[in-house]
1. Find the accessible area per residue for region 111-225; the probe is 1.4 Å, ligands and nucleic acids are left out, and the unit is Å².
2. Place a point 7 Å from Cα of Asn96 in the direction of its Cβ. Which residues in region 120-136 have their backbone N less than 17 Å from it?
3. Taking the full set of protein chains and a 1.4 angstrom probe, give the accessible area of Val482 in square angstrom, rounded to the nearest 10.
4. If each residue of separation counts as 0.36 nm, what is the full-extension length gain between Gln133 and Asn551 once their alpha-carbon separation is subtracted?
5. For region 114-186 and region 578-604, what is the separation of their C-alpha centers, rounded to whole Å?
6. With a ≥ b ≥ c taken as the square roots of the eigenvalues of the C-alpha gyration tensor of region 259-340, please select rounded if a/c is under 1.5 and otherwise prolate if a/b is larger than b/c or oblate if it is not?
7. Tell me, what ³J(HN,Hα) does each residue in region 308-314 have, in order and in whole Hz, if you take phi through Karplus 6.51 cos²θ - 1.76 cosθ + 1.60 with θ = phi - 60° and put x for Gly and Pro?
8. Under the classification rounded if a/c is under 1.5, otherwise prolate if a/b is larger than b/c and oblate if not, where does region 484-639 fall, given a ≥ b ≥ c as square roots of the Cα gyration tensor eigenvalues?
Amino acid sequence: MLETGREKISHDDNIVIDFPTVQKKVKSFFQIFKTALQPATAKGGATKTGTGYARYQRWLIPLVCIAIAVFLSSWFRLYSLDLPVADSWAENQLHNTYRSQIAAATEQQFPELVPEQKQALVEREFQNLLASQSDTIAEQTEQLANQFRDQFQDENGETNLIEIDTYLWFGMMRNYLTNGQLGDTTNAEGKSVYSLRNGRLGKATGNQLHPLVGAYWHKLAQLFDRDITMARSFFLLPVALMGLAVIPVFFITRKIAGNVGGLFAAVIFSISDNLLSRTPAGFTDTDPYNILFPLLVAWFFLEAYTTTERRKQVILLTLAGLIVGLHAMTWTGWWYSFALVVATLLLIPTGKSLFSIITKRTISTWKATAEWKNHLFLLGTFFLSSAIFTMLLKSPQAFYRIVLRPINFIRLKELGSGSLWPNVLTTVAEFHTVEVKQLIPLLGGNLLVALALLGIVLMIIRKDLHEQRHPVYGLFIVLWTVSTVYAFTKGIRFAILLVPPFAIAFGSGLGVVHTWLRQRFDKWYFSALIIGVAALLFITPLTDADQTAKNQFPQINDAWVESLTKIKNDSPPQAIITSWWDWGHWFTAIAQRKVTMDGGDQGERIHWVGKTLVTDKEKEAIGILRMLNCGQEQAPHIL
């Protein structure tokens with residue numbers, strides 16, 4: 001007899017199962033999934049209503065979808081906290097050591113064997129060793145892995161910031177938290193100056209958003225952990241920013257292809273190994289803003305375009321303009337999201353007018369008064385808000401020069417450009433170019449790219465529930481895709497800019513196909529089957545994301561930190577470090593000494609420092625260094 005609670009059930013009793021009741025409860029349970037997979041609106045646009053779960057599906061399903069994507073985004077980006085790559089290093093080193101020892105013993109014992117036989121024997125003995133000494137080898141691997149980790153962690157066991165440019169922003173964030181401004185001093189005009197940059201001259205900090213966000217993010221983190229260091233909170237910032245970027249990806253795609261499309265778009269965006277390689281925890285550069293801000297601009301713009309209420313349009317476009325202004329505080333390429341909106345608002349009425357003229361053969365339709373008035377209103381509101389916020393948050397000159405920005409980008413890596421001085425961008429690895437076809441593997445392969453192209457086509461030709469087409473989605477995504485593909489031709493680093501439109505197009509393609517099949521085969525299990533099959537597409541991207549995340553580690557190690565700390569402790573405060581530009585941000589952030597040039601400020605100094613490194617004349621090298629240490633490259637201009 002089994003006793004459970006108050007009931008006693010005998011094995012000898014006849015157990016009667018009420019099959020109709022069980023069937024009813026099972027059917028009720030699976031009704032949840034059926035409800036979740038139904039479109040949010042019925043024919044005619046009326047919102048479906050119901051009892052229980054159906055009442056909450058309008059917000060609960062999006063919340064669950066976003067939570068799934070944010071979890072995946074954060075999961076992979078947090079790998080770098082523990083440096084799992086150290087385990088691979090340790091395992092490879094130990095295995096190679098054991099193989100070498102076995103190979104040496106085999107050579108000594110069986111010198112007469114041919115190489116193939118020796119290799120087979122070594123591998124067999126090695127596998128036997130792994131099986132018989134598994135515990136010992138595992139312990140040795142862990143010890144060696146921890147030794148590797150220690151080389152990239154501070155005295156508290158916290159992993160160093162991963163990328164070099166991150167140290168520029170970290171230094172400015174530290175200045176703000178310490179001095180209340182991004183620089184460590186002020187000039188005669190009362191402007192904030194980072195005195196460690198640009199030799200003895202110092203460099204004005206300007207209005208930079210990233211270190212300000214880092215400073216307030218640190219204050220927020222202290223509410224949860226009073227002892228958190230500035231370096232650790234700054235290390236975690238990319239995880240939060242990329243988690244926020246998931247939200248507009250989901251809602252933009254949801255507007256086109258429903259919750260299923262939004263989920264697929266958000267997930268493929270979150271696990272893109274191309275994007276992950278530049279936005280893991282510790283890689284706290286400005287790349288997350290170049291993803292988040294264009295997405296927010298696109299989201300607000302598309303919402304404003306598809307609503308008919310003027311008040312909502314003004315609010316949404318004002319928010320879009322605010323984001324444009326904030327983006328101008330992070331990157332010189334901020335203008336491209338602004339240009340996308342402007343181009344879309346001009347091309348749609350122009351295209352419609354030309355189409356009407358061609359088909360109806362009348363010039364009067366070209367005016368299309370109501371159509372043009374609406375687009376010009378949207379354009380004027382967005383243009384005005386973007387201009388105001390950019391001039392207030394960055395500078396008036398930043399907005400005035402927007403006309404020249406595309407031209408400057410086209411000439412980004414030209415060697416001549418009317419100047420004899422070298423263009424540093426030709427020496428930067430992330431600005432190296434590859435063939436456009438290399439974008440396909442970066443985006444996940446031929447099948448995923450084909451589905452994204454299908455999504456763009458469906459955006460253009462598909463009608464909504466009111467039998468109307470909205471070309472704005474297709475045109476905007478096409479412009480976004482074409483512009484970012486062109487940017488890729490200027491440097492491989494710009495490949496990450498293509499991930500947002502690709503994810504939206506990919507999710508739209510799957511979502512629209514799912515909706516079409518769902519409407520023709522009105523069975524919840526058929527819909528679940530479609531989603532399950534589509535989920536198989538994510539196996540390879542998930543594997544790639546895992547591999548990319550596991551291979552992240554800091555470029556700076558204990559040897560660098562100890563050397564720079566010794567310079568800080570043993571050199572006078574006015575000392576200047578002259579080296580090639582790559583490591584300048586480490587010098588200012590860790591050694592806290594002035595540098596001749598760094599990764600964000602080379603000027604003509606890249607020529608002069610290069611001369612000191614290649615000349616075989618000591619007197620010439622010393623003369624150049626004296627010139628640079630006195631007033632940088634100004635001397636020949638004054639002379």
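1. 54
2. Once the point is set 7 Å along Cα→Cβ of Asn96, nothing inside region 120-136 turns out to lie under 17 Å by backbone N.
3. 90
4. Going from the current span to full extension adds 147.7 nm.
5. What the calculation gives is 25 Å, centre to centre.
6. oblate
7. So the Karplus estimates, Gly and Pro as x, are 9, 7, 4, 4, 5, 4, 5 Hz.
8. Prolate, since a/c reaches 1.5 and a/b exceeds b/c.
The values are calculated or read from the model by the stated rules, or taken from the named source; none is laboratory data. Just so it is clear, the model here is predicted, and its values are computed rather than measured. A quick note on method: Cβ atoms are made from the backbone with ideal geometry, for glycine too, and the neighbour counts reach across all protein chains shown. Side chains are part of the model used for accessible areas, which takes the heavy atoms of the whole protein and leaves out ligands, DNA and RNA. Shrake-Rupley method; radii C 1.70, N 1.55, O 1.52, S 1.80 Å.
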